[in-house]
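K.L.:
Can you read through this structure? Questions will come right after.
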Amino acid sequence: MITSWHTSSKEGNAMHDARALVQLGDEAVRRLARKGYTLDLPAIEELLHRRNQKIALGDELRAESKKLAASVGQAAKSGADVSELKIQARALKEQIADVSFQADQAAHELSELMLTIPNMPVDEAPDGFSEDDAVEVRRVGDVPDFGFEPKDHVDLGEALGILDLARATKLSGPRFSVTRAAGAKLERALAAFFLDLHTTEHGYTEFSVPNLVNTETMTGTGQLPKFEEDLFKTGVGSRELYLIPTAEVPLTNLHGDEIIDAETLPYAYTSHTPCYRSEAGSYGRDTRGILRLHQFSKVELVRICEAETSRDELEKMLSHAEACLRKLGLAYRVIMLAAGDTGFNSTLTYDIEVWLPSQDKYREISSVSDCGQFQARRAGIRVRDKQGRKQFAATLNGSGLPIGRTLAALLEQNQQADGSIRIPDALVPYTGFSMIKADGTPA
RNA sequence: GGUGGCGUGUCCGAGUGGCCGAAGGAGCACGCCUCGAAAGCGUGUGACGGUGCAAGCCGUCCGUGGGUUCAAAUCCCACCGCCACCGCCA
């Protein structure tokens, strides 16, 4: 029947979002202001109103059209002349097409606007817009006290012959890495160690997922439409796919457009995947080493739960990410990000920062976020409780952990005066060696 | 990439122009029966949107998008997906 504005669940969900925002009113304006976003509430109200008005009118006309069509059928059966009725019906149809078009237009406009509005931070997140405004939650582990000048992971890795950045540049350009021998083995060991830890001790289910996803998937978790420039895009013929910047994208979208039975929640998912990021707009930063690459691998954690429990789930996930560093004996701290520094998707974010001796400071190694119902709304992840009530789920994600940055921290924190590296006990079953000797050979 | 077949509700499955949101069955929920259970019987059982305090009313959805028609699950076109065989391939 002509056109329909009900078919896209993405848009339907955006509508829901709009109504929620309007209901919150000044509260929404206040909360978003803490993130540095100026919410144009009147514009949303106007679009919502216009859309609803057009839909109501369209529905009315359509009901009339259905009745008319039925009466044409009746009349034709009884042999009456229906040509007059047909002309009427056709005119009505044109009107419907016109109104539908207007409704679609308003819905699209609203949807486009809604998709660019960031998630609202919770009040618990401290004020401010930079990392300096973050609140330190705790420090864990002793910052190593070397009796010598510690080297950075590049000097260490290249001297050991386990890291080769020059050749990586030859292959692909800047911001790529090659690891070799004990270095490559170490990466594989870290990934396996993290996955085993999460699946056996923390109750996560391991997944192997696509690393190329479509536009809808990227929109579901909030990478699109706003952050396209951060992504690598591939295309063959008319087909366009994006390389995932994190396994959060495929893992969270696994349940897109589904209604989940509440009793089966929470879901705890993990996956080890490569992550691809353009790093547009970070030209001068972290140009040395393997801290910021176009491709790195990471073990990601995702939890899906009911909205009411997400705050507790966030603490659980944080502890799971922290366990990775504790077991490796790496010094780190946990901070709670300021409202204005939390990501587009997030209501509340903890960062875990690992100690990096060469920089004499803590550097981000994991970001653990409660996205509330934000992503679920975009992706259409709903929950049905025992009473049959439906609501959007809550989603959380966190790194647990990235392989490259962990490797860098491990090399730097565990270096010895002669340039050899001590392997943490927990990792030895995975590496098969407990030392990388100064000449690069495992022992 | 080629040829053929197919895409209907939680599932199976009927439906070739109006009486179809859609028969029938299964599943599930509730009720009856029963000491209890099974069987049997009865009732109910999709999503989304608009409107309303609510009951309700209205609209949309039969892979997706277009088209034909007063009227489409049903006819036409394109695309997507699935199955089978062939080709190619890690």
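The values are calculated or read from the model by the stated rules, or taken from the named source; none is laboratory data. Since we're looking at a predicted model, the values are computed, not measured. Virtual Cβ from ideal backbone geometry, glycine too; neighbours counted across all protein chains shown. All accessible areas refer to the heavy atoms of the entire protein, side chains included, with ligands and DNA or RNA removed. Shrake-Rupley method; radii C 1.70, N 1.55, O 1.52, S 1.80 Å.
K.L.:
DSSP beta bridges in chain A, what fraction antiparallel, as a percent rounded to 5?
P.N.:
Values: 53 of 60 bridges.
DSSP beta bridges in chain A are roughly 90 percent antiparallel.
K.L.:
Further question: Counting other Cβ atoms within 10 Å, which GluC sites (Glu not before Pro) in the stretch A:107-148 have at most 16 and lie in a DSSP loop?
P.N.:
Details: sites: A:Glu109, A:Glu112, A:Glu124, A:Glu131, A:Glu136; in loops: A:Glu124.
Here the GluC sites (Glu not before Pro) that fit, given the DSSP loop and packing criteria, are A:Glu124.
K.L.:
A follow-up question, please. May I ask you to give the solvent-accessible area per residue for chain A, in square angstrom, as obtained with a 1.4 angstrom probe? Write down the numbers at each step before the final one.
P.N.:
Numbers: 20530 Å² over 443 residues.
Each residue of chain A exposes 46 Å² on average to a 1.4 Å probe.
K.L.:
In terms of the Cα gyration tensor, with a ≥ b ≥ c the square roots of its eigenvalues, is the stretch A:9-114 rounded because a/c is under 1.5, prolate because a/b exceeds b/c, or oblate?
P.N.:
Values: a/c = 4.76, a/b = 4.06, b/c = 1.17.
The shape class here is prolate.
K.L.:
Using the Karplus curve 6.51 cos²θ - 1.76 cosθ + 1.60 with θ = phi - 60°, work out ³J(HN,Hα) for each residue of the stretch A:305-314 in order, rounded to whole Hz, and write x for Gly and Pro.
P.N.:
Per residue, the Karplus-derived 3J(HN,Hα) values read 8, 6, 4, 5, 9, 5, 4, 5, 4, 4 Hz.
K.L.:
For the stretch A:200-349, which whole-number percentage of the solvent-accessible area (1.4 Å probe, protein heavy atoms only) is attributable to carbon and sulfur atoms? Could you put the intermediate results ahead of the total?
P.N.:
Numbers: 2900 of 6150 Å².
It is 47 percent, rounded to a whole number.
K.L.:
Now for a separate question. Give the angle, between 0 and 90 degrees and rounded to the nearest 10, that separates the Cα long axis of helix A:182-196 from the longest principal axis of the Cα atoms of chain A.
P.N.:
Around 50 degrees separate the two axes.
K.L.:
Considering amide H positions built from the backbone, and no H for Pro or chain starts, which residues 5 or more places from A:Phe207, or on another chain, come under 5 Å of its amide H?
P.N.:
For A:Phe207, the qualifying residues are A:Thr270, A:Ser271, A:His272.
K.L.:
Next question. So how strong a dipole does chain A carry about its Cα centre when Lys and Arg Cβ are +1 and Asp and Glu Cβ are -1, to the nearest 20 debye?
P.N.:
Details: 51 positive and 65 negative charges, 245 e Å.
My answer is approximately 1180 debye.
K.L.:
May I ask you to order A:242-253, A:96-107, A:393-404 by the average number of other C-beta atoms within 10 Å around their residues, highest value first? All intermediate terms of the calculation are to be shown ahead of the outcome.
P.N.:
Values: A:242-253: 25.2, A:96-107: 18.8, A:393-404: 27.2.
Highest mean packing first, the order is A:393-404, A:242-253, A:96-107.
K.L.:
Show me the chymotrypsin sites (Phe, Trp or Tyr not before Pro) within the stretch A:265-332 that DSSP assigns to loop and that have at most 15 other Cβ atoms within 10 Å of their Cβ. Present the calculation step by step, with values, prior to reporting the outcome.
P.N.:
Working: sites: A:Tyr267, A:Tyr269, A:Tyr276, A:Tyr283, A:Phe296, A:Tyr332; in loops: A:Tyr283.
The qualifying sites are A:Tyr283.
K.L.:
At a 10 angstrom cut-off on C-beta neighbours, averaged per residue, how do the peptides A:156-165, A:316-325, A:49-58 rank from highest to lowest?
P.N.:
On the way: A:156-165: 20.6, A:316-325: 22.1, A:49-58: 17.4.
Peptide ranking by packing, descending: A:316-325, A:156-165, A:49-58.
K.L.:
Using a Gaussian network model of chain A with C-alpha springs under 10 Å, which one of A:Arg239, A:Arg62, A:Arg277 is most mobile by mean-square fluctuation?
P.N.:
Residue with maximal mean-square fluctuation among A:Arg239, A:Arg62, A:Arg277: A:Arg239.
K.L.:
When the accessible area of the stretch A:9-114 is split by element with a 1.4 Å probe, what percent falls to carbon and sulfur? Before the final figure, lay out each step's value.
P.N.:
Numbers: 3300 of 6130 Å².
Using a 1.4 Å probe with all protein chains present, the stretch A:9-114 comes out at 54 percent carbon and sulfur.
K.L.:
Rolling a 1.4 angstrom probe over the protein chains, ignoring ligands and nucleic acids, what is the accessible area of A:Glu187 in square angstrom, nearest 10?
P.N.:
50
K.L.:
Something else: Can you show me the helix-derived [θ] at 222 nm for chain A, built from DSSP H runs with n ≥ 4 at -39,500 (n - 2.57) apiece and divided by the number of residues, rounded to the nearest 500. Present the calculation step by step, with values, prior to reporting the outcome.
P.N.:
Values: 13 runs with 176 residues, N = 443.
Calculated mean residue ellipticity at 222 nm is -12500 deg cm²/dmol.
K.L.:
Shape of chain A from its Cα gyration tensor (a ≥ b ≥ c, root eigenvalues): rounded if a/c is under 1.5, otherwise prolate when a/b > b/c, or oblate?
P.N.:
On the way: a/c = 2.66, a/b = 2.35, b/c = 1.13.
Prolate, since a/c reaches 1.5 and a/b exceeds b/c.
K.L.:
Give me the angle, in degrees from 0 to 90, between the Cα long axis of helix A:403-413 and the longest principal axis of the Cα atoms of chain A, rounded to the nearest 10.
P.N.:
Rounded to the nearest ten degrees, it is 30.
K.L.:
OK, next. May I ask for the angle, rounded to the nearest 10°, between helix A:41-77 and the longest principal axis of chain A, with both axes built from Cα atoms and the value confined to 0 to 90°?
P.N.:
Taking Cα atoms only, the helix is inclined about 50 degrees.
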